[in-house]
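K.L.:
Submitted below is the structure of interest, expressed as structure tokens.
The values are calculated or read from the model by the stated rules, or taken from the named source; none is laboratory data. Quick caveat: nothing in here was measured; it's all calculated off a predicted structure. No Cβ is skipped: glycine too gets one built from the backbone with ideal geometry, and neighbour counts run over all protein chains shown.
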Amino acid sequence: MPSDKSTLDPPVFRFSNGWILKNHELQREDLWVRDGKILNPEKLFFDEKKPADIRLDCRGCIIAPGFIDVLPQICVKNGGPHGAGILGVHLEGPFISKEKRGAHPEDYLRTFETGAFQDLLATYGCLDGVRIVTLAPEMKRSSEVIQELTKRGICVSLGHSVANLSQAEEAVHHGATFITHLFNAMLPFHHRDPGIVGLLTSDQIPPGRQVFYGMISDGIHTNPAALRIAHRAHPKGLVLVTDAITAMGLAPGRHTLGQQVVEMDGLNSYIAGTTTLSGSIATMDTCVRHFRKATDFLLLNDSLHVQATYIAGQQVWKKDGFVI
Ligand SMILES: [Zn+2]
């Protein structure tokens, strides 16, 4: 049966008697909206010859874009049928190195001034729901900040940094326990000073402590050989991360990352017009698949008995009856 399209279309709202900021000045203009999207009134008029379904009087108010909290207050909550749980927030920057800022805009970078931890609080506003803070440990007064964050149960992660190994070890002594996307945005491994990467085999880690490290195993951020080096040196510390940006899952082309434009092509995402990687667009299952191909690993059951062994991604042994 033919349907009457106009009755099925979402209603068109016309917000009139308001002011809109256009070309840097407030202009008296109506705003047309359908299904949550702003419409071009001319197109609506000429193409659809459609008047508004609902007219709203703004009584001379300014119609402005919704305010966005740069640091949203995210409530930690359990997952369920309604959606995924929220474990907390990872704040990466702005207390990071200018040289290794990656895709972070330089203008927003900060240093710890005399207030140290107070500077951090003033920047973030509030630490509710924060679980991880990434900072560059070579920054002055970072030790004090690391201690304060650790005291509050917040994991300090080292990254976007030019720290040498002894600076990284000092940070671990003060409480840092994580490395943000190992190899990316830090000094490359050097045999005389391996920098943050050296934490994987450092003999200066306090007894009973473990340093974990995130790795972006998307086949772009880290070469499979580097993945293997890290994994063989310190398998228990490895945490696969996606470092995914909001463009993940969207079609190739131009998207935004904060206030920056990024270009997405296949699994690559760059700050537009540069060769600077801007996070990844790989999903976690892609990273796990890539890691599995690139590394040697074991599959253990709940009681930590080996069920299967993989070398360079190939299964070379499995326990009788183990199915994979
Ligand atoms: Zn980063």
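Residue-by-condition table, conditions (1) out of contact with any helix residue (DSSP H, G or I) (no Cβ under 7 Å at 6 or more places or on another chain); (2) closer than 22 Å to residue 134 by Cβ; (3) modelled with pLDDT under 80:
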| residue | (1), (2), (3) |
| --- | --- |
| 50 | no, no, yes |
| 67 | yes, no, yes |
| 79 | yes, no, yes |
| 96 | yes, yes, no |
| 102 | yes, yes, no |
| 108 | yes, yes, no |
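K.L.:
Of all residues in region 219-245, which are more than 26 Å from residue 104 (Cα to Cα) and not in a helix (DSSP H, G or I)?
P.N.:
If the condition is that a residue be more than 26 Å from residue 104 (Cα to Cα) and not in a helix (DSSP H, G or I), then 234 is the only one that fits.
K.L.:
Between 213, 270, 310, which is modelled with pLDDT of 80 or more, of a type outside the set (A, V, I, L, M, F, W, C), surrounded by fewer than 20 Cβ atoms within 10 Å (Cβ to Cβ) and part of a strand (DSSP E or B)?
P.N.:
Values: 213 fails: surrounded by fewer than 20 Cβ atoms within 10 Å (Cβ to Cβ); 310 fails: modelled with pLDDT of 80 or more.
Every option except 270 fails the conditions.
K.L.:
Which condition breaks for residue 193 when tested against (1) away from the ligand (no atom under 16 Å from the Cβ); (2) farther than 20 Å from residue 100 by Cβ; (3) not aliphatic (A, V, I, L, M)?
P.N.:
Just one mismatch for residue 193, condition (2).
K.L.:
Take residue 219 and tell me if it is over 21 Å from residue 137 (Cα atoms), in contact (Cβ under 8 Å) with a residue 12 or more places away in the chain and either more than 16 Å from the ligand (Cβ to nearest atom) or more than 20 Å from the chain's Cα centre (by Cα) (or both). Let's see the steps before the verdict.
P.N.:
Values: over 21 Å from residue 137 (Cα atoms): yes; in contact (Cβ under 8 Å) with a residue 12 or more places away in the chain: yes; either more than 16 Å from the ligand (Cβ to nearest atom) or more than 20 Å from the chain's Cα centre (by Cα) (or both): yes.
Against the criterion (over 21 Å from residue 137 (Cα atoms), in contact (Cβ under 8 Å) with a residue 12 or more places away in the chain and either more than 16 Å from the ligand (Cβ to nearest atom) or more than 20 Å from the chain's Cα centre (by Cα) (or both)), residue 219 qualifies.
K.L.:
Still on this model: Might you let me know whether region 165-173 holds any residue that is within 16 Å of the ligand (Cβ to nearest atom), small (Gly, Ala, Ser), within 20 Å of residue 234 (Cα to Cα) and at pLDDT 95 or above?
P.N.:
Within region 165-173, the subset within 16 Å of the ligand (Cβ to nearest atom) is none.
No, there is no match, as no residue in region 165-173 is within 16 Å of the ligand (Cβ to nearest atom), small (Gly, Ala, Ser), within 20 Å of residue 234 (Cα to Cα) and at pLDDT 95 or above.
K.L.:
Would you call residue 148 within 25 Å of the chain's Cα centre (by Cα), surrounded by fewer than 22 Cβ atoms within 10 Å (Cβ to Cβ) and closer than 30 Å to residue 225 by Cβ? So that I can check it myself, show each step before the final result.
P.N.:
On the way: within 25 Å of the chain's Cα centre (by Cα): yes; surrounded by fewer than 22 Cβ atoms within 10 Å (Cβ to Cβ): yes; closer than 30 Å to residue 225 by Cβ: no.
In short, no.
K.L.:
Does residue 76 satisfy the condition of being more than 16 Å from the ligand (Cβ to nearest atom), surrounded by 11 or more Cβ atoms within 10 Å (Cβ to Cβ) and closer than 25 Å to residue 196 by Cα? Reasoning before the result, please.
P.N.:
Numbers: more than 16 Å from the ligand (Cβ to nearest atom): yes; surrounded by 11 or more Cβ atoms within 10 Å (Cβ to Cβ): yes; closer than 25 Å to residue 196 by Cα: no.
It is false that residue 76 is more than 16 Å from the ligand (Cβ to nearest atom), surrounded by 11 or more Cβ atoms within 10 Å (Cβ to Cβ) and closer than 25 Å to residue 196 by Cα.
K.L.:
Taking residue 112, is it in a loop (DSSP other than H, G, I, E, B), among the aromatic types (Phe, Trp, Tyr), away from the ligand (no atom under 16 Å from the Cβ) and at pLDDT 90 or above? Show your work before the answer.
P.N.:
Values: in a loop (DSSP other than H, G, I, E, B): yes; among the aromatic types (Phe, Trp, Tyr): yes; away from the ligand (no atom under 16 Å from the Cβ): yes; at pLDDT 90 or above: yes.
For residue 112, the condition - in a loop (DSSP other than H, G, I, E, B), among the aromatic types (Phe, Trp, Tyr), away from the ligand (no atom under 16 Å from the Cβ) and at pLDDT 90 or above - is met.
K.L.:
Now for a separate question. Go through region 160-209 and report how many residues are within 16 Å of residue 138 (Cα to Cα) and either surrounded by fewer than 16 Cβ atoms within 10 Å (Cβ to Cβ) or among the hydrophobic types (A, V, I, L, M, F, W, C) (or both).
P.N.:
Going residue by residue through region 160-209, those that are within 16 Å of residue 138 (Cα to Cα) are 160-180, 185-188, 193-199.
So of that shortlist, the ones also either surrounded by fewer than 16 Cβ atoms within 10 Å (Cβ to Cβ) or among the hydrophobic types (A, V, I, L, M, F, W, C) (or both) come out as 162-163, 165-166, 168, 171-173, 176, 178-179, 185-188, 193, 196-197, 199.
Here the count works out to 19.
K.L.:
Scan region 170-197 for residues that are within 16 Å of residue 216 (Cα to Cα), touching a residue at least 12 places away in the same chain (Cβ under 8 Å), part of a loop (DSSP other than H, G, I, E, B) and out of contact with any Lys or Arg (no Cβ under 7 Å at 6 or more places or on another chain) and jot them down.
P.N.:
Those that are within 16 Å of residue 216 (Cα to Cα), touching a residue at least 12 places away in the same chain (Cβ under 8 Å), part of a loop (DSSP other than H, G, I, E, B) and out of contact with any Lys or Arg (no Cβ under 7 Å at 6 or more places or on another chain): 180, 181, 182, 183, 184.
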